[in-house]
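The values are calculated or read from the model by the stated rules, or taken from the named source; none is laboratory data. The structure presented is a predicted model; accordingly, all values stated were derived computationally and were not measured. Note: ideal-geometry Cβ built from the backbone for every residue, glycine included; neighbour counts use all protein chains shown.
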Amino acid sequence: MPAGELVEPMAYHAWWPLVGVALVAAVVGWFWWVVRSTRGPAAAAPATPAPARVPSAAQGRRDPYAAARQVALDRLTAVEGRHRAGELDERGVHLELAFVVREFAAARTGVRTASLTAGLARGDRRVRRLARLLERYSNPSFAARSRASVRTSLEEARKVVREW
């Protein structure tokens, strides 16, 4: 072959474009599956969730969340004690209550709840029970004045922790 002479390019086999299309389809399908299986509560949850109940000892089953439940109840009692001792005002109590119930919800569901808002909680069926509490604690936590009762807020938090 003399120098400087142009040579025609070699033709690709007909199956190479098919391989390319198949790879692109596989990547798109994989991305769709990852997004679908990791985003939103409807990905793996049943259409109608069964009501969560704490199994009784009479049924012979052990509560898998008993330790997390007890830690949350102990922390709620500690918050109440700190409020009675004057260490926490109404705002501080509600901030602590929101922290404790978020932490319990994270242990119970596996959902990262540290910065969860009431609106986001309402949209995720795994932590929907938390939405009402977060809404209730929002105003006393950030308002200059509030009519929220510390005793009522503590009772509601304990009720959610015991029943969830």
Checklist entry - Of all residues in region 59-95 being free of Cβ contacts under 8 Å to residues at least 24 places away in the same chain and among the small types (Gly, Ala, Ser), which is nearest to residue 164 (Cα to Cα)? => result 66
Checklist entry - Is it the case that residue 54 is modelled with pLDDT under 90 and hydrophobic (A, V, I, L, M, F, W, C)? => result yes
Checklist outcome for this item: Log entry, pairs with first residue in region 103-123 being modelled with pLDDT under 90, second being surrounded by fewer than 15 Cβ atoms within 10 Å (Cβ to Cβ) and part of a helix (DSSP H, G or I), beta carbons closer than 7 Å, six or more apart or on different chains, reads 118/135; 121/128; 122/128
Checklist entry - Counting only residues that are part of a helix (DSSP H, G or I) and without any contact (Cβ under 8 Å) to a residue 24 or more places away in the chain, which one in region 143-155 is farthest from residue 121 (Cα to Cα)? => result 151
Next on the checklist: Any residue that is assigned to a helix (DSSP H, G or I), farther than 23 Å from residue 120 by Cα and modelled with pLDDT under 85 - is there at least one of those in region 24-40?
Outcome noted: no
Checklist entry - Which of the residues belonging to region 119-142 are part of a helix (DSSP H, G or I) and buried (at least 17 other Cβ atoms within 10 Å of the Cβ)? => result 121, 129, 130, 131, 133, 134, 136, 137, 140, 141
Item to check | Count of region 75-91 residues which are of a type outside the set (Asp, Glu), modelled with pLDDT of 90 or more and farther than 14 Å from residue 151 by Cβ | outcome: 5
